[in-house]
Amino acid sequence: MTAVEADEPGWEVDPDDEWGVAVIATVGRQLKLRREAVGMRAAEFGAAVGYGEDMVYKIEGGKRIPRQDYLVRADEVLGAGGLVAAAWEDVKRVRYPKKVRELAKLEGQAVEIGVYECNSVHGLLQTPEHARALFEAWQPSYSPDDIDRMVAARLARQAVFERDPAPSVHFVLEEAPLRRQVGGTMVWRQQLERLLEVGRLNNVTLQVMPTNSDAHPGLDGRIELLKFPDGTAVGRADGLYNGRPVSEPRQLRILELQYGTLRAQALPPRESLAFVETLLGET
């Protein structure tokens, strides 16, 4: 890998992310101490791992997020026995935006997830191409590297479907976004196929809210409910409590009432999957 490739944008440390700053500073300091302990100069070490001297100083100074291959090569050169390479488990999380990382952490702990999405296909259900098309449409425009990071972060959240034991996941999606051909016909078809794939999982319930339905509690926006093994829960709704996450029982009961009403008004799961199959057949 060339120094130019290594210095591409998007690997800077977000100064507002205190945890991320601490992780990268700690990893950089450990790399420097190990390098100096074996008597290697920065230029010599950089040549050994395939990076320039300037990049070595940036990483050791906590100014850049090291790539996984950098850590793996550094581990080999320094004879760290896997300790340096193992730092990637923490480092890779810094690559994800702070808000997304916190949401993914909560989703990763929940035993039950309930979401109502009104404006788009929910992030847990998006294909990479669909997610990319959404980010590319944003104004003001994101840089290509920022888009890569956000797509990676969104896909990382979908590891929730691979957990064992699997959480119970419920989706209520509005009909209109399912008809919007985001990214073009092929991307749209792939997205509909992904909905069918996930919707058929034993631990997933997917329901569609028809556009011709009566007024319902989701007209004010998205609703999310997460329940955890210890019996606690957290939820948020665009139209309640200024959109802030809430965890008090009284507030959660209101969110659960709204979400329960949405599920009751939406198409049943079997009819919802048949509806998505019908959309696929219309292309």
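The values are calculated or read from the model by the stated rules, or taken from the named source; none is laboratory data. These numbers were taken from a predicted model, which means no experiment stands behind them. Note: ideal-geometry Cβ built from the backbone for every residue, glycine included; neighbour counts use all protein chains shown.
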Original post:
For the subset of segment 216-247 comprising residues that are in contact (Cβ under 8 Å) with a residue 40 or more places away in the chain and in a loop (DSSP other than H, G, I, E, B), which member is surrounded by the fewest Cβ atoms within 10 Å (Cβ to Cβ)?
Top reply: P229
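Every residue in segment 160-171 that is in contact with a Ser or Thr (Cβ under 9 Å, 6 or more places away or on another chain) and either crowded, with 16+ Cβ neighbours inside 10 Å or in a helix (DSSP H, G or I) (or both), please.
Hits for segment 160-171 are V169, H170, F171.
Might you let me know whether segment 146-159 holds any residue that is part of a helix (DSSP H, G or I), touching an Asp or Glu at 6+ places or on another chain (Cβ under 8 Å) and not polar (S, T, N, Q)?
To start, the set of residues in segment 146-159 that are part of a helix (DSSP H, G or I) comprises 146-159.
Retained after the next criterion (residues that are touching an Asp or Glu at 6+ places or on another chain (Cβ under 8 Å)): 147, 157.
Narrowing the set further to residues that are not polar (S, T, N, Q) leaves 147, 157.
Among the residues of segment 146-159, at least one is part of a helix (DSSP H, G or I), touching an Asp or Glu at 6+ places or on another chain (Cβ under 8 Å) and not polar (S, T, N, Q), which makes the answer yes.
Select the helices (runs of 4 or more DSSP H) contained entirely in segment 1-116, then report the ones holding at least 2 residues which are modelled with pLDDT of 80 or more, aliphatic (A, V, I, L, M) and touching a Gly at 6+ places or on another chain (Cβ under 7 Å). Show your work before the answer.
On the way: elements: 3-6, 18-37, 42-49, 53-60, 68-78, 88-94, 98-109.
Per the criteria, 18-37, 53-60.
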Original post:
What single numbered condition from (1) surrounded by fewer than 17 Cβ atoms within 10 Å (Cβ to Cβ); (2) assigned to a loop (DSSP other than H, G, I, E, B); (3) modelled with pLDDT of 95 or more fails to hold for E277?
Top reply: (2)
Original post:
Just wondering, is there one or more residues in segment 119-137 that are part of a helix (DSSP H, G or I), surrounded by fewer than 16 Cβ atoms within 10 Å (Cβ to Cβ) and modelled with pLDDT under 95?
Top reply: yes
**OP:** Find all pairs meeting these conditions: Cβ atoms under 8 angstrom apart; at least six residues apart or on different chains; first residue within segment 257-283 and touching a residue at least 12 places away in the same chain (Cβ under 8 Å); second residue outside any loop (DSSP other than H, G, I, E, B) and exposed (fewer than 13 other Cβ atoms within 10 Å of the Cβ).
**Re:** L279/R179; T283/T185
Original post:
Which numbered condition trips up V187, out of (1) in contact (Cβ under 8 Å) with a residue 40 or more places away in the chain; (2) of a type in the set (V, I, T); (3) under 22 Å from A266 (Cβ atoms)?
Top reply: (3)
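Kindly indicate which of E53, E107 is of a type outside the set (V, I, T), closer than 30 Å to P210 by Cα and either touching a residue at least 60 places away in the same chain (Cβ under 8 Å) or not assigned by TED's automatic domain parsing to the domain that holds V172 (or both).
E107
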Original post:
With respect to S213, is the statement that it is in a loop (DSSP other than H, G, I, E, B) and not assigned by TED's automatic domain parsing to the domain that holds G260 true?
Top reply: no
**OP:** Look through V56, V115 and report the one residue that is crowded, with 20+ Cβ neighbours inside 10 Å and closer than 22 Å to G221 by Cα.
**Re:** V115
Original post:
So is V246 on the phi < 0 side of the Ramachandran plot, among the aliphatic types (A, V, I, L, M) and modelled with pLDDT of 95 or more or not?
Top reply: no
**OP:** Inspect segment 143-163 for any residue being in contact with a strand residue (DSSP E or B) (Cβ under 8 Å, 6 or more places away or on another chain) and not hydroxyl-bearing (S, T, Y) and give the result as yes or no.
**Re:** yes
